[in-house]
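Chemist: Right, I'll just put the structure down here and ask away after.
The values are calculated or read from the model by the stated rules, or taken from the named source; none is laboratory data. This one's a predicted model, so the numbers in the text were calculated from it and none came from an experiment. Using ideal geometry, Cβ is built from the backbone for each residue, glycine included, and neighbour counts are taken over all protein chains shown. The accessibility values were calculated without ligands, DNA or RNA, using every heavy atom of the protein model including side chains. Shrake-Rupley method; radii C 1.70, N 1.55, O 1.52, S 1.80 Å.
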Amino acid sequence: MATVHEIVDSPLGELLLIGEASDTAAGGTALTSLSLPGQKGAALVADGGRREPAAFREIARQLEAYFAGERIRFTVACTPGGTEFQRRVWRALEDVPYGRTTTYKEIAARVGTSAVGVRAVGTAIGRNPLLVVRPCHRVIGADGALRGYAGGLPAKAHLLGLEGALPS
C-alpha cells in the first residue's frame, strides 16, 4: 500500500486528503485523513507520500456535491484508525443525521458512557481524522452553543449553516 494525498478546493479552503492506496486506477483508496486549513492535530503528508488526484476522484466528487447542497451522506472507504473507544464514538457521529445536531452528552449516552465520560467523548470527537465526512461538526454544547471543532468554530458554523442546522 502506498500513502497518497490530494488537495481539493472547498468553501472552507483547501482540504487535504490522505489515504492508503492499494490500486489507484480502480479507486482502491481508503481515506485516512481529511483535514481543514489550520486544523489542530491534522495529519501531515508523510515523507515519500505522493500526490495522486485519481485516487481521490470519488471523494472529491462527493465533497463537491455536499458543498453544493446536493449530498447528505458520504460513501467512501475509510480506514478505522483510533482506539476502540474512539471508533465507538466515531460510529455514533455517523448516525447523526444531516441537518440535525446532537450534544456531547447524547453521544456519551449512545456509546454507553456515563455523564462523567462526556469529557472523554469530547476528546475522541476532537481526534476525528475525517472532518466533514465523519460529521463531528453536528455535535454542539448542551446549551446549544457551538463548542470546540478541530477545524475552527467558523468552519463548524459554515457546515451547520450549509445543512440548515445552525443553532439560533
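Chemist: Over segment 60-125, what percent of the accessible surface lies on carbon and sulfur atoms, probe 1.4 Å?
Modeler: 52
Chemist: Ok, one more. At a Förster distance of 30 Å, what's the computed FRET efficiency of Thr123 paired with Ala157, Cβ-Cβ distance as r, to 0.05?
Modeler: 0.85
Chemist: In debye to the nearest 20, how big a dipole does segment 1-89 give about its Cα centre with +1 on each Lys and Arg Cβ and -1 on each Asp and Glu Cβ?
Modeler: Roughly 260 debye for segment 1-89.
Chemist: Given a 1.4 Å probe and heavy atoms of the protein chains only, how would you sort Glu58, Glu6, Glu70, largest accessible area at the top? Don't jump to the answer; show the numbers that get you there.
Modeler: On the way: Glu58 80, Glu6 25, Glu70 145 Å².
Ranked list, largest accessible area first: Glu70, Glu58, Glu6.
Chemist: GNM on the chain, C-alpha springs below 10 Å: top fluctuator among Gly122, Gly112, Gly148?
Modeler: It is Gly112.
Chemist: Considering the Cα positions of segment 77-133, please state its Rg to one decimal place and its Dmax as a whole number of Å.
Modeler: Cα radius of gyration and Dmax of segment 77-133 are 10.8, 33 Å respectively.
Chemist: Need the full-extension length gain, Leu166 to Glu94, defined as separation in residues times 0.36 nm minus the C-alpha distance. One decimal, nm.
Modeler: Net length gain for the segment: 24.1 nm.
Chemist: Here's another thing I want to ask about it. Expected output is a single nm value to one decimal: the length gained when fully extending between Ala115 and Thr83, i.e. 0.36 nm times separation in residues minus the C-alpha distance. What is it?
Modeler: Taking Ala115 through Thr83 to full extension adds about 9.5 nm, to one decimal.
Chemist: Give me the percent relative contact order of segment 74-133, please, defined on Cα pairs under 8 angstrom at least 6 residues apart.
Modeler: Value for segment 74-133: 35 percent.
Chemist: What accessible area per residue comes out for the chain, rounded to a whole number of Å², with a 1.4 Å probe? Before the final figure, lay out each step's value.
Modeler: Details: 8460 Å² over 168 residues.
It amounts to 50 Å² per residue over the chain.
Chemist: Would you look at the GNM of the chain, springs on alpha carbons closer than 10 Å, and say which of Glu106, Glu94, Glu84 moves the most?
Modeler: It is Glu84.
Chemist: Quick one: dipole size for segment 52-168, taken about the Cα centre, charges +1 on Lys/Arg Cβ and -1 on Asp/Glu Cβ, in debye to the nearest 20.
Modeler: Dipole about the Cα centre, nearest 20: 260 debye.
Chemist: So what is the diffusion coefficient of segment 1-140 in µm² per second by Stokes-Einstein at 25 °C and 0.890 mPa s, using a Kirkwood Rh over Cα pairs?
Modeler: The Stokes-Einstein estimate is 156 µm²/s.
Chemist: I want the antiparallel fraction of DSSP beta bridges within the chain, as a percent rounded to 5. Write out the running numbers ahead of the final one.
Modeler: On the way: 14 of 20 bridges.
Of the beta bridges lying entirely in the chain, close to 70 percent run antiparallel.
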